[in-house]
1. Gain in length, Lys175 to Ala47, computed as 0.36 nm per residue apart minus the alpha-carbon separation, to one decimal in nm?
2. At 0.36 nm per residue, and after removing the present C-alpha to C-alpha distance, how many nm does the segment from Leu154 to Met136 gain when stretched out fully?
3. How much length, in nm to one decimal, is gained on full extension between Ala65 and Arg163, taken as 0.36 nm per residue of separation minus their Cα-Cα distance?
4. Taking the C-alpha atoms of the stretch 96-199, how large are the radius of gyration and the largest Cα-Cα span, Dmax, in Å?
5. What ranking do Arg193, Arg163 get, fewest neighbouring Cβ atoms within 10 angstrom at the top?
6. Could you tell me the calculated FRET efficiency between Thr122 and Ile97, based on Cβ-Cβ distance and R0 = 35 angstrom, to the nearest 0.05?
7. Could you please rank Glu133, Glu127, placing first whichever residue has the fewest other Cβ atoms within 10 Å of its Cβ?
Amino acid sequence: MTDLPASEAKRRLSPKWVLSVFGMLTAFGLLAMFEFLSGRPFLPSPAWVAYARGPAWIAGLASFACMLWVFRRYDKKNVFHFRDEVVEIGHLFGSLILLALYFGFGYMAAQKIPPMFDAILTGHRVEMTLTVEYTMPWESKYCGREVTFVELPLGASSICGVRKDLLDTFKPGSKIVVSGRGTAWGVFADRLRLVEDEE
């Protein structure tokens, strides 16, 4: 196989716009990590999730397409094609998993970052009513005493570390008032209570 000219190889292997895309994705990732730095989980509202579902799919597919283009153009092992009638299965599966992760990253960025950014800049004390999907009362290294809510996307649907006495009162279908700093589009949760507590 004939090697590419040096100028062509340089153009293909280090385009500035590709570096800019990775920089932008990194910035989004750091912003998405803000909730961990704040110590308070961020939950987007069901209204925002429904509103952003279409844009989230577009963002996920755009992220997927960007990485697929990079793989097709820069993957020296050429794993997306048959080569001497042998497919490098391990590398192919790894690439597909990475593509799926980038789709999920783009999807979650659209679902989570805009309302989180809005809550940081313009948020105030708000309450949001959510419905419990299930609870996990046992301890865990990563997310013990967890409550998960319906209508929220994976990765932005749970709160960990709930007090055991409070978690024991939550059942699937329970209505929970989540309060904290936020807007109508989402909230940094710092307090939970059953709707029945107000009766």
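Bear in mind that the values in this text are calculations on the coordinates, not laboratory data. Because the structure is predicted, anything quoted here is derived from the model rather than measured. With ideal geometry, Cβ positions are generated from the backbone for all residues, glycine too; neighbour counts draw on all protein chains shown.
1. 44.5 nm
2. Working: separation 18, 0.36 × 18 = 6.48 nm, distance 1.57 nm.
Full-extension gain reported as 4.9 nm.
3. Here the answer is 31.0 nm.
4. 14.9, 51
5. Ascending Cβ contact count within 10 Å gives the list Arg163, Arg193.
6. 0.40
7. Values: Glu133 16, Glu127 12.
If I rank by nearby Cβ atoms, fewest first, I get Glu127, Glu133.
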